[in-house]
Structure formats: structure tokens, C-alpha cells
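Comments concern the structure below.
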Amino acid sequence: MPGIKVPRRGSLAYYPRKRARRIYPKLRVIPQSEKAKISGYAAYKAGMSQAVLVDSRKGSPSFGQEITVPVTILDCPPLKVLGIRAYQSSPYGNKVFTEVWTKNLPKEITRKIKTKKVEQENLDKIEENLQKISDLRFIVSTDPMSSGFGKKKPEVFELPFGGNDLKEKFEFAKQFFGKEIKVSDFLKEGELVDVISVTKGKGTAGPVKRFHVKIQNRHAKKKLRHVGALGSQVPRRVKWTVPMAGQLGFQTRTEMNKRVLKIGEKGAEINPNSGFKRYGKIGNNYLVLEGSVPGTKKRFVLIRPTMRPKGSKIFVPEVKEILK
């Protein structure tokens, strides 16, 4: 008689479970837009709290009543636009055509990269060769010195922005060239966003904690917190689908559809009396998102407009209070 087949135990979820290459992620995909606009922002995770708001979910038992929801508070120092990078399409993908850097480079940038030569002629070169160019992107840096925990070394990364017309994108890039981008230039209250971050690192873990495999009973001959067998007799190898011990956490993850509850410019409105634990006090701009955000405190978080919206894209809930 054929053997009894049962579904596999344990969830593979994301695979392979390798450590992230660097502590801050890349903004690889952005939603398409016809007009040129900013399509991403960077922030630091300060901590979590609770918000008191009016339940607006129709059919909910607490509809119209005050409820508390968990929220994540992000510290959002302004982003400095250091330069503009132009790409040219080739058979092997996009290649850098040229780039131009601003004259007013911050001193802290030398902690991260070597100072670049300012070539203002490249700006005219980009404008003259717009037909050859396939994409334009910002080169931005964070300002961690103005954050709550006072980090010295900034992050420098590319920030893509939307738009279909290259002429319009070029004029948009010149508008922010050498200036600062604030979170209010990117988001409005009530919008849905996706957050990209590196999760908490938990080191090496066994198959029970890593894949939620069922613990063996007391009749198991060798191990209890282990899979029953490493695989079948044929093929004569261990498949990658077998739950085994290995790295857990410190992996780049994207969580979708986080509602923006509040955008503020005075951190004193949201700071506890003694500051956020293991972070400090937020100086100026901050962002309150409904729900959790992957990563520890002080972790670098990328924000983009949602790619797969659920429900209304813009809905401003009635927030009564954010508990300190």
C-alpha cells in the first residue's frame, strides 16, 4: 500500500535566509507615476507607542468609539541632495553616463566617501544629452547628527524619483539640487506607505525556532528539536527545502500598507520626558506610522509609496492622542 502523505511541517517563508550585505537597504522598486515627484525617504526608528483614535471600520463592534492602536515613531531628519546621477541604457543594463555634485558638501560626508570634484559642466552635459539618457536619480545623504542618538557617519545612497518625461525629471532634479528634502515634501497624513528595513539579528538558531518545526515526542531516538529525517533515499542528497539550523534575522524585509497617522515638525510634541529608551529625543521632523516596522531602534528605514494598496490610498483617521 502507498504511504500516507501529509503536508510538510514548518514554514519556509523567505528563503534563502542569509545575512543582509549592509545595514541599510536599497530602494530598488518604486511605483510608476506620470509626473516627477519624490518616491522615497529615509528615517530612523525611534520606538513604539500607542495612539488613541476613533474606529472608522464599518461593521466593527467598536465603530465610532475610541480605540488604541500600536504605532511606530520614526525620526526623519532632512535629506541633503548632494548630486544628480544620469544613466544610459546598454545591452548589459544601465550604466552611469555622468554625474554632478554640489559645491556645498557637508563636512561629515568625508566619514563615508571621498570628496568628489565639483563639475558644474556636467549639468549642462546632462541637459544636452537627454536623448541618450534613460534615467535620472538623486545622490542623497542623511543627517544623523541631528537625530536623537547623534550618529556621526551619514548614509549616502541613490534615491530614484518618478516621472515619464526626462525633461520634466531634469527640471525637477535641478529644483532640489543642493537643497534639503523634508518628509513633508514626500508624504501627507493618511497615505499608505511601504517600509524597507533590516530585521533584528538573532544569530544561529535551530530548526524549531527558525522554521517552527514540530518538536518530536519522547520516543524519538536521537533529537527532539529536529526534523525526523533529512530527506528521502532518492535523490541521494539533502535538499534545500529541509529545515536545518542557520542564520535567523538580520535580513532585508519589506512590509506593506502602513498608514501615516501624523507628520510633525516639533519633536517635543512626541518625546517622552526622559526621551525614547535606547534612542534619545527627536529633534525636529518625525513620522507616526500605524503598526510595527522591522528592525531595532536606531535602525535605518526606507519609506516609499505603497505598491499594492489595500482599501483607500488616502484616509486621515481621527487621532485623539498619541501616548508618551
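Charge tally around VAL316: other residues with Cβ under 15 Å, Lys/Arg +1 each, Asp/Glu -1 each, net +2.
Here the spin labels are modelled as points 7 Å beyond Cα on the Cα-Cβ line, and at GLU255 and SER33 they lie 2.4 nm apart. Among the listed options (i) 21.0; (ii) 22.8; (iii) 20.4, the one matching Kirkwood radius over Cα pairs in Å as calculated from these coordinates is (ii). Net charge of the neighbourhood of ASN257, taken over other residues with C-beta under 11 Å away and scored Lys/Arg +1, Asp/Glu -1, is +1.
Averaged across orientations, what area in nm² does the convex hull of the alpha carbons in the range 78-181 project? Mean projected area of the Cα convex hull: 7.1 nm². With θ taken as phi - 60° and the Karplus curve 6.51 cos²θ - 1.76 cosθ + 1.60 applied, the whole-hertz 3J(HN,Hα) list for the range 73-79 is 9, 10, 7, 10, x, x, 8 Hz, x standing for glycine and proline. Summary of packing: across the peptides 40-46, 228-234, 98-104, 15-21, the per-residue average of other C-beta atoms within 10 Å ranks them, highest first, as 40-46, 98-104, 15-21, 228-234.
Residues whose amide H falls under 5 Å from that of SER39, counting only those 5 or more places apart or on a different chain, are GLY162, with hydrogens built in the peptide plane. Taking Cα centre as origin and charging only the Cβ of basic (Lys, Arg, +1) and acidic (Asp, Glu, -1) residues, the dipole magnitude of the range 204-324 rounds to 900 debye.
For VAL69 and THR204, FRET efficiency with R0 = 22 Å and r from the beta-carbon atoms, rounded to 0.05? Taking R0 as 22 Å, the efficiency between THR204 and VAL69 is 0.05. Listed values for the range 247-252 are Karplus-derived 3J(HN,Hα) couplings in whole Hz (6.51 cos²θ - 1.76 cosθ + 1.60, θ = phi - 60°), namely 5, 10, x, 6, 10, 6, and x replaces Gly and Pro. Here the dipole of the chain is about 2800 debye; that uses its Cα centre as origin and unit charges on the Cβ of Lys and Arg (positive) and Asp and Glu (negative). Just to verify a number: FRET efficiency for SER274 and GLN88, C-beta to C-beta distance, R0 = 41 Å, to 0.05? Taking R0 as 41 Å, the efficiency between SER274 and GLN88 is 0.20. Given R0 = 51 Å, the distance between the Cβ atoms of GLU128 and SER62 translates into a calculated FRET efficiency of 0.25. Put a dot 7 Å past the Cα of LYS107, heading toward its Cβ, do the same for ALA13, and the two dots end up 4.5 nm apart.
None of the figures in this text is laboratory data; all of them are computed from the coordinates on show. Source: prediction; values computed, not measured. A quick note on method: Cβ atoms are made from the backbone with ideal geometry, for glycine too, and the neighbour counts reach across all protein chains shown.
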